[in-house]
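Quick notes on the structure that follows.
The values are calculated or read from the model by the stated rules, or taken from the named source; none is laboratory data. Given the structure is predicted, the values throughout are model-derived calculations rather than measurements. All Cβ positions, glycine included, derive from the backbone under ideal geometry; neighbour counts span all protein chains shown.
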Amino acid sequence: MAGGGRGGTGWSSLPADLLLAIFALLSSDADRVRFRAVCAAWATAAAAWCPRPWLVGSRTDRSGRGGGTVSSFWLFRPAGAGAALLRPFAATVPEGLDYLSSSRGYLALADPSVSPKAVVLVNPVTGRRVRLPPIGFFKRWLDVTTVVLSADPGGAAEWAAVAVGFPTTSLAYYSSAAGAWARLDFAAPGYAGVEHYSGRFYVAFGSRICALEADGDAPAVIPLERVDDDGADGSDDEPKLPGGSGRRVVETHLVECDGQLLLVSVHDDVVYSSDDDMGGLAVDEGGSKGGGDARAVEVHRVEWLWDGLVRLVRETDLGRNALFLGRNRAFALSAAEFPACRVNCVYLVDRQGHPDGVVRVLDLENPWACREETICPDDATGGSASSAGWARRGWFFPNY
């Protein structure tokens, strides 16, 4: 690497745009990691490359067996094509482990044959592993849905994690300094969303938002008081759609997007009474390929007021961003940086555990434009596709 050219120039002095073009053509993550390790100039050039989001999941048969087989797909948009596709590829994931969720460039995995189960964090790009101790007070380990990290364990002096089960009977808080899990009581009858935002963990179920207070030896979940524009006190934890119609919330997510914290709710079997009811809703009525029940996604921005009060403000425009929702940590990406994404849309992983599971792409701007897509993962299993389902699926964004 020392020399090689006239005028004292060397490999480290190659133009950044040329280095980035070479980096984008590399066929494996291992080669990309080696590329970044060559020198500071190459690492800087590679940092400008925008990786594509993955869909990751563990496959199982109808009896619930067959765990530990992880499949992965790139989300990409072919040149000249309007629809995004999910292309299978072989990610570097340890064999025999089930996929749970993902956060900060790490997959949260567990060995289905070991009891009590413990989470191992794996960066499939760099190969780094971080083993976490078992969570002894979680009784329904097969239903663990989310493990959210505060920072990259490989680069932070101290970091924390929150684990969530389904249905939510408690949360688990892990501190790298303490090296142990602590129980956080948070009783809820369904799926809860978690996000680490502005230096703090937040958890939500329905329209209820809580802050996680981690100071001291006994972490606690503190409800935030909500103020509505109509003067209500925000005590309804499971709101229906506007107009009083439709089913209740079945999934809740907290997502950081452009520096804002969003509360995103997924509604099931939507019934609407007027066009006004649909403002700011992304809707799939189940008519696209793959069929299924109707879905609607509603987005609110969390507006921070005074004395710990918050207000939920309906959002209908995500700008150039797209939301990626699954029963794990959700995230937002900008289509300006990630061309495979459609602007102002929601990529919703649907039908967890079913062989005909799909990804629904819902349009927030105009639900009547029939722009929804249904992306069916094809993992090249051939004839076994009809008998193989997904025990868990979720979005993952790699960290190089």
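Quick notes on this one:
- Pairing residues of the stretch 312-326 that are free of Cβ contacts under 8 Å to residues at least 40 places away in the same chain with residues that are buried (at least 22 other Cβ atoms within 10 Å of the Cβ) and of a type outside the set (S, T, N, Q), at Cβ distances under 6 Å and at least 6 apart in sequence or on separate chains, gives Ala322/Leu333; Ala322/Cys341; Ala322/Cys345.
- Scanning the stretch 160-179 for residues that are within 20 Å of Tyr197 (Cα to Cα) and in a strand (DSSP E or B) gives Ala160, Ala161, Val162, Ala163, Val164, Leu171, Ala172, Tyr173, Tyr174, Ser175.
- Single residue of Leu348, Leu309, Leu305, Leu318 found to be in the same structural domain as Asp268 (by TED's automatic domain parsing), modelled with pLDDT of 80 or more, touching an Asp or Glu at 6+ places or on another chain (Cβ under 6 Å) and over 28 Å from Arg32 (Cα atoms): Leu309
- The numbered conditions (1) surrounded by fewer than 21 Cβ atoms within 10 Å (Cβ to Cβ); (2) at pLDDT 70 or above are all true for Cys341 except (1).
- Qualifying residue in the stretch 117-134 (condition: in the same structural domain as Val194 (by TED's automatic domain parsing) and modelled with pLDDT under 80): yes
- Whichever residue in the stretch 335-351 is in contact with a Gly (Cβ under 8 Å, 6 or more places away or on another chain) and either part of a loop (DSSP other than H, G, I, E, B) or of a type in the set (Ser, Thr, Tyr) (or both) and, among such residues, is farthest from Ala151 (Cα to Cα): Arg351
- Within this structure, Ala43 fails the test of being farther than 30 Å from Ala110 by Cα, modelled with pLDDT under 80 and hydrophobic (A, V, I, L, M, F, W, C).
For (1) of a type outside the set (Gly, Ala, Ser); (2) farther than 29 Å from Arg36 by Cα, each residue gets a yes or a no:
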site: Val120; (1), (2): yes, no
site: Gly127; (1), (2): no, no
site: Ala160; (1), (2): no, no
site: Tyr173; (1), (2): yes, yes
site: Ala177; (1), (2): no, yes
site: Phe205; (1), (2): yes, yes
site: Glu213; (1), (2): yes, yes
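- For the stretch 93-129, filtering for residues that are in a strand (DSSP E or B) and closer than 16 Å to Tyr173 by Cβ leaves 5.
- Criterion (at pLDDT below 75 and either within 20 Å of Ala21 (Cα to Cα) or among the small types (Gly, Ala, Ser) (or both)) met by exactly one of Gly96, Gly57, Gly67: Gly67
- For the stretch 22-47, the set of residues classified as of a type in the set (A, V, I, L, M) and within 19 Å of Trp74 (Cβ to Cβ) consists of Ala24, Leu25, Leu26, Ala30, Val33, Ala46, listed by residue number.
- Within the stretch 157-214, the residues that satisfy the criterion of being out of contact with any Asp or Glu (no Cβ under 8 Å at 6 or more places or on another chain) and of a type in the set (S, T, N, Q) are Thr168, Thr169, Ser198.
- Criterion violated by Thr168 - all others in (1) under 25 Å from Ala332 (Cα atoms); (2) at pLDDT 85 or above satisfied: (2)
- Residue check, Asp185 in contact with a Ser or Thr (Cβ under 6 Å, 6 or more places away or on another chain) and without any contact (Cβ under 8 Å) to a residue 40 or more places away in the chain: yes
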